[in-house]
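The block underneath contains the structure these notes are about, expressed in structure tokens.
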Amino acid sequence: MRTEEAAADVDVVVIGAGQAGLSTGFHLRRTGHRPETGYVLLDAPPGPGGAWQFRWPTLRMATVHGVHDLPGLPMGPVDETARAATVVPAYFADYEKHFALPVHRPVQVRSVRPEDDDPQGRLRVETDRGEYSARAVINATGTWTRPFWPSVPGQADFRGRQLHTVDYQGPAEFAGARVVVVGGGSSAIQLLAEIAGVAETTWVTRRPPVFHEGPFTHEHGRAAVALVDEAVRAGRPPESVVGVTGLLLTPEVRQMQEAGLLNRLPMFDSLSQDGPVWDDGRAVSADVILYATGFRAALDHLRPLRLREPGGGIVVENTRVPAEPRVQLVGYGPSASTVGATRAGRFAVRDVNRLLGRAPLGSSAVR
């Protein structure tokens with residue numbers, strides 16, 4: 001990795017090398033961009049795998065919600081009992097090597113800003129290991145580094161432990177404890193199921209959970225993505241695609257319902273020293289509060305570009321930011337799923353090639 005002070009000139013800087021970033025790197029290579037001089041991928045974690053390398057150890061391939069094949073190299077059959085945090089990073093590492101993608105890590109991108117305040121010029125990407133001067137930036141930083149913690153009165157008073165999904169290392173550490181799991185998404189359900197085997201649990205959600213009966217069809221998926229897409233086109237912060245679709249009523253979830261594990265309580269109004277308290281006088285004693293409350297897009301390094309709208313989001317059309325055509329967001333809003341992130345790389349490279357005056361996607365052979 002370069003460390004000299006002079007900025008390196010490249011056509012495209014891709015920030016992030018998870019699912020979306022690797023897909024983007026593949027399509028840049030496929031359309032003739034040369035590694036290092038034509039494009040680079042800057043990745044903050046110490047190794048391949050994106051957020052998958054940090055998932056809790058008890059998450060197995062049989063219980064993940066699907067890892068979509070990256071373009072050009074399918075994952076192939078996997079051991080469903082294997083840890084997701086081992087299998088997926090190994091696949092990503094093989095992918096990087098197979099296509100000789102120019103991934104630099106660990107590199108922390110600090111900011112992206114116009115060079116010399118010229119709105120029509122290049123973008124300067126400032127990192128902890130040097131600077132890059134780019135004609136376009138494709139951002140693929142995901143959400144894992146920005147866990148969302150609800151703000152609740154009395155949080156500092158609670159004498160127990162409070163942690164987020166990013167801190168979860170398995171149910172064993174909660175044996176015999178009273179654990180409140182906060183969150184209405186699929187991760188909350190998974191963690192609740194694990195912890196309930198060793199601890200007393202209470203489930204809390206902000207809104208009543210919606211369980212989806214029957215098979216989840218492509219039509220359901222398209223409708224959910226359309227709702228998220230509508231939000232980002234209007235400049236509103238995107239909800240997760242999973243949050244829009246609801247919870248799938250699997251046999252495991254039905255068993256949890258029958259066991260009374262999904263008798264949900266509304267979000268508590270405050271925390272006392274001993275646990276959650278509601279304004280109606282109800283209270284629950286707890287040793288642990290686990291917030292499975294999701295994530296926000298990790299975009300602070302783009303702040304100098306002033307992309308956010310008054311509503312708090314960034315207007316995005318497919319992957320393109322209309323207010324700043326040199327910037328593409330992949331894995332944001334409707335492309336935040338593994339399937340969406342993979343497709344978004346193709347769309348982003350198509351738009352970047354147009355911006356740079358290059359040939360359309362697919363006109364050059366992989367080299």
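No value in this document is a laboratory result; all are computed from the given coordinates. Quick caveat, the model's predicted, so the values are computed rather than measured. Backbone-built Cβ (ideal geometry, glycine too); neighbour counts: all protein chains shown.
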Quick one: compute the contact order of region 60-117, relative version, from alpha carbon pairs under 8 angstrom and 6+ residues apart, as a percent.
31 percent
The exposure ranking of Tyr332, Tyr132, fewest beta-carbon neighbours within 10 Å first, is Tyr132, Tyr332
Suppose a student asked you for the relative contact order of region 161-213, using Cα pairs under 8 Å spaced at least 6 residues apart; what percent would you report?
39 percent
On Cα atoms only, tilt of 186-195 relative to the major axis of the chain in degrees:
50 degrees
How big is the shadow of the Cα convex hull of the chain, averaged over all directions, in nm²?
19.7 nm²
Quickly rank 17-23, 269-275, 247-253 as a protection proxy: mean count of other C-beta atoms within 10 Å, highest first.
17-23, 269-275, 247-253
At 222 nm, what value in deg cm²/dmol follows for the chain if DSSP H runs of at least 4 each add -39500 (n - 2.57) and the sum is divided by all its residues, to the nearest 500?
-7000 deg cm²/dmol
Taking every DSSP bridge whose two residues both lie in the chain, the antiparallel percent to the nearest 5 is 35 percent
Calculate how steeply helix 84-98 sits against the longest principal axis of the alpha-carbon atoms of the chain, using the helix alpha-carbon long axis, and give the answer as 0 to 90 degrees to the nearest 10.
10 degrees
Please arrange Trp278, Trp203, Trp149, Trp52 by counting, for each residue, the other beta carbons lying within 10 Å of its beta carbon, fewest first.
Trp149, Trp278, Trp203, Trp52
Determine, for each peptide in 258-265, 350-357, the mean count of other beta carbons within 10 angstrom over its residues, then list the peptides with the highest first.
350-357, 258-265
Helix 19-30 axis, angle to the chain major axis (alpha carbon atoms, nearest 10°):
20 degrees
What length, rounded to one decimal in nm, is gained on full extension from Val64 through to Arg161, with 0.36 nm per residue of separation minus their alpha-carbon distance?
32.3 nm
